[in-house]
Amino acid sequence: MQDTIRRNVPLAPLTTINLGGPARFLVVCKNEEDIRRALALSHQENVPLHILGGGSNTVFADEGFQGVVAKIELKGLTFTEENETVLVSAAAGEVWDEVVQASLAKGLAGIECLSGIPGLVGATPMQNVGAYGQDVAETIEDVTTIDRRTGKSVTFTNAACTFAYRVSRFKKEDLGTYIVTNVRFRLRRDAVPTIRYPQVQAQLEKMYGTVDIGTGQEALEKVRETVLHLRRSKSMVVNPSDPHSRSCGSFFTNPIISAEKAKLVQATQSGQQGYTVKGGVKMSAAWLVEQAGFARGQRFGNVGISPNHSLALVNYGGTTKELLAVATTIQKKVKELFDITLELEPVAVLPHNSVQ
């Protein structure tokens, strides 16, 4: 076991935002037994355990993490045909976009608009990853986990995951209880792409001259290329040559507020953005940030707001302390102006909340 444990490992290079100090212990987990070893080490040393996937949604403290970081690298991807659908079983350590690519290559529909999202499969059910009119809750069949308390395997059906906008039981009531090891997705063989998002529709028109692109693998690939174009234009695809992509993507989720509060915002702000969803009205966090006086490209020392997307906070050689100070300033201003609380989308692993 000692051979699999690394000590004082820099965490910044393991994240897309490239921030954070060293981990006291790092365990690379290539199978479930490795995960159980990491759990045992955490108990043995009486220190917290943090699960790390692709690092695209994580910000570590400048001081690092005085516990065990379990880096998930479980592999495995299979496709099983079942009538008009295909069951795609993906291990938690599979790269998400590679799973999307492999699925589209087989003409399978249901996750084409989720192209280009960084990170690993295991993170997708945690916050019900979504973009451009799709989210994984629409296709997840079940999620297999390890219970940290017992070390036993537990599988949750889609309904049992209690998915909602950018959230699931794994991020709320069961935060820090289960470690995702495998996710199964049920995709459609009809190869009918999802084209419900206005930006996707407009970009399809620009790139292909029409929104009516038909069905089939070629149509799915066109949607993928359209989505990738949109993401690249916002620096939302990890690219070492793009300094603005050194981020966690969107730093705030779109808040869902009451219809009454939305009317108040509309009454005082022209051009307010929001649309009705289950539970209220979803407001554009990007619009709120901009209306609060924070502009694209604005710098705050060595961190700043991306010039390509007002929700992306970018590391230009700064620190976690600087980054979170900017996030807090934005939250306070939006709260002051609109009485709306912006929630962080990435996980901030700080000394006071380090049990993840």
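Throughout, read-outs are computed from the coordinates displayed, never taken from laboratory work. Not measured: the values here are computed from a predicted model. Glycine also receives a Cβ, built like all others from the backbone with ideal geometry; neighbour counts cover every protein chain displayed.
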>> Order 164-172, 190-198 from most to least packed using the mean count of other Cβ atoms within 10 Å.
In response: 164-172, 190-198
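Using 32 Å as the Cα-Cα cut-off, could you pick out the over-long pairs in Lys71/Lys261; Lys222/Lys282; Lys263/Lys321; Lys206/Lys263; Lys75/Lys321? Don't jump to the answer; show the numbers that get you there.
Values: Lys71/Lys261 42 Å; Lys222/Lys282 28 Å; Lys263/Lys321 36 Å; Lys206/Lys263 34 Å; Lys75/Lys321 34 Å.
Correct reply: Lys71/Lys261; Lys263/Lys321; Lys206/Lys263; Lys75/Lys321.
Show me the three semi-axes of the equivalent ellipsoid for the chain, from the C-alpha gyration tensor (sqrt of 5 times each eigenvalue), largest first, rounded to whole Å.
Values: eigenvalues 190, 156, 72 Å².
Gyration-tensor ellipsoid for the chain: 31, 28, 19 Å.
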> By counting other Cβ atoms within 10 Å of each Cβ, how are Asp34, Asp174 ranked from fewest to most?
Replying inline: Asp174, Asp34
> Hey, what's the Kirkwood Rh for the range 243-352 if you take every pair of different alpha carbons, in angstrom?
Replying inline: 14.4
>> Quick check: convex hull over the Cα atoms of the range 35-92, volume per residue in Å³, rounded to an integer?
In response: 99
>> What is the sum of charges, Lys and Arg at +1 and Asp and Glu at -1, for the other residues whose Cβ falls under 10 Å from the Cβ of Val28?
In response: +1
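What percent antiparallel are the DSSP beta bridges of the chain, to the nearest 5?
On the way: 49 of 62 bridges.
Among the beta bridges of the chain, antiparallel pairing accounts for roughly 80 percent.
Among DSSP bridges having both ends in the range 2-73, what percentage is antiparallel? Round to the nearest 5. Intermediate results must be reported in sequence, preceding the final value.
Values: 5 of 15 bridges.
Antiparallel bridges: around 35 percent, rounded to the nearest 5.
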> Using a Gaussian network model of the chain with C-alpha springs under 10 Å, which one of Ala90, Ala325, Ala219 is most mobile by mean-square fluctuation?
Replying inline: Ala325
> To the nearest whole percent, what portion of all C-alpha pairs in the range 77-233 is separated by more than 26 angstrom?
Replying inline: 27
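Which net charge results when you count Lys and Arg as +1 and Asp and Glu as -1 among the other residues whose beta-carbon is under 14 Å from that of Phe65? List each step's numbers first, then the result.
Numbers: positive: Arg6, Arg7, Arg24, Lys71; negative: Glu45, Asp62, Glu63.
Around Phe65, the charge tally is +1.
For the range 2-73, take N as its residue count and report Rg(C-alpha) divided by 2.2 N^0.38 Å. Working shown, then result.
Values: Rg = 11.2 Å, N = 72, 2.2 N^0.38 = 11.2 Å.
It is 1.00.
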>> Give me the mean projected area, in nm² to one decimal, of the convex hull enclosing the Cα positions of the range 96-141.
In response: 3.0
>> For the range 10-41 and the range 59-73, what is the centre-to-centre distance using only Cα atoms, to the nearest Å?
In response: 6
> Just from its helices, what would the mean residue ellipticity at 222 nm be for the chain, if runs of 4 or more DSSP H residues each count -39500 (n - 2.57) and the sum is divided by every residue, rounded to the nearest 500 deg cm²/dmol?
Replying inline: -8000 deg cm²/dmol
> Three principal axis extents, largest first, for the C-alpha atoms of the range 16-155, in Å?
Replying inline: 50, 33, 19
> What number comes out for the charge environment of Arg166, summing +1 per Lys or Arg and -1 per Asp or Glu over other residues with Cβ under 10 Å away?
Replying inline: -2
